[in-house]
1. Are any residues in segment 1-57 in a loop (DSSP other than H, G, I, E, B) and loosely packed, with under 14 Cβ neighbours inside 10 Å, and if so, which ones?
2. Given (1) part of a helix (DSSP H, G or I); (2) surrounded by 14 or more Cβ atoms within 10 Å (Cβ to Cβ); (3) at pLDDT below 85, where does Ile316 come up short, assuming only one miss?
3. Any residue in segment 171-184 that's charged (D, E, K, R): show its pairings with residues that are surrounded by 14 or more Cβ atoms within 10 Å (Cβ to Cβ) and assigned to a helix (DSSP H, G or I) at Cβ separation under 6 Å, as long as the two are six or more apart or on different chains.
4. Have a look at Asn66, Asn62 and point out the one that is modelled with pLDDT under 95, in contact with a Ser or Thr (Cβ under 7 Å, 6 or more places away or on another chain), of a type outside the set (Val, Ile, Thr) and surrounded by 22 or more Cβ atoms within 10 Å (Cβ to Cβ).
5. For segment 165-243, give me every one of the helices (runs of 4 or more DSSP H) that falls completely inside it and has 2 or more residues that are among the hydrophobic types (A, V, I, L, M, F, W, C) and either touching a Cys at 6+ places or on another chain (Cβ under 6 Å) or closer than 22 Å to Met27 by Cα (or both).
6. Report yes if Gly229 is surrounded by 13 or more Cβ atoms within 10 Å (Cβ to Cβ), at positive phi and not aliphatic (A, V, I, L, M), otherwise no.
7. Read through the list (1) out of contact with any Lys or Arg (no Cβ under 7 Å at 6 or more places or on another chain); (2) of a type outside the set (Asp, Glu); (3) at pLDDT below 75, then give the number of the only condition that Thr285 fails.
8. Take the residues of segment 198-214 that are on the phi < 0 side of the Ramachandran plot and surrounded by fewer than 17 Cβ atoms within 10 Å (Cβ to Cβ): which is modelled with the highest pLDDT?
Amino acid sequence: MNITEAKLKTIFKSAKGRKIAVIGDVMLDKYVYGTISRISPEAPVPVVDIDKTEYRLGGAANVANNIKALDAEPVLIGVIGNDYDSKHYLDVMKMLGLSASGIIKDSSRPTTSKTRVIAHSQHVLRVDSEIKDDVSDNTRRKIIDFFTKNVKNFAAVILQDYNKGVLTKEMISKIISISRKFKKPVYVDPKFHNFFEFRDVTVFKPNRKETADILAMKIDGEESVKEAGRILIDRLNCEYLVLTRGEKGMMLFDKEKNKTVILNIPTKARRVADVSGAGDTVISTIAVMLAGGANIIEAVMLANQAAGIVCEEVGIIPIYKNALIDSYKRKTF
């Protein structure tokens, strides 16, 4: 299926400013850059002299940043701590023009953060600060209350799970129920835990590894991918299943068309530098394109293109509207 440049611009125009809720585990990504010139006298480990530190949004917050870069309006709903990292997290949100109205502070938990130490262009160490326990009942109620009060304004809802405790089983069920009541499409990017809690959603987007792990089956050739896809649609009753396959691209299944593959599309990356954040880009692009009036095939094609663009860059970066349009002009679809 060809997408004309005029159609692409019309989609973006229609999606501009539409509110898309993103609910899930927000994170702060810290990048510490430095140099190594000696070994510590205290232990046989290198000493990194810090040159600079950068702060970026990770997890569900990266999905929101992608939506913003595509000119729609994300409404991010998540949990941070009341700590030093939370200040940096909110500063980055403000710098990127993202609303923090749906961000809830919970002093019983730290802000989920991942600190990457990089010296001489080498990733030396990663330090994580997090609690994976389910959020408290009080925090859960605050999230549900905020969502319920604002759901009428949303064009779509994204559930972005990283298994850090925000999307509890009860919350998943409640959010999907409320969304269906108000006829809001729900798009899901799952992780291993709670995988089969996301029933009756519009688009379910697992990757190959998650699918292989949850089904305890080997997924290599296309036939095994098709079999896995049919099993997932049966169990989840999702309208569409988008199974991402890394360098092999994506496969789109349609429940109404007898769970058959309606799109099998190879990756669009010309050179893969870094796959970090590609899944966030895919779910974000699908949501924005559908909000702008694209059909599911067009949305997945554009999402695959967007993932190819971000995989050509190092680090977690969002997909920008102009980059996607320019990519189309170069006829890289």
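The values are calculated or read from the model by the stated rules, or taken from the named source; none is laboratory data. The shown structure was predicted, so the numbers you read here are calculated from the model rather than taken from an experiment. Here the Cβ positions follow ideal geometry from the backbone for every residue, glycine too, while neighbour counts run over all protein chains shown.
1. Residues satisfying the conditions are Met1, Asn2, Thr4, Gly17, Ser40, Pro41, Glu42, Ala43, Pro44, Val45.
2. Unmet condition: (1).
3. Lys174/Ile144
4. Asn66
5. So the answer is 169-181.
6. no
7. Condition not satisfied by Thr285: (3).
8. Here the answer is Arg199.
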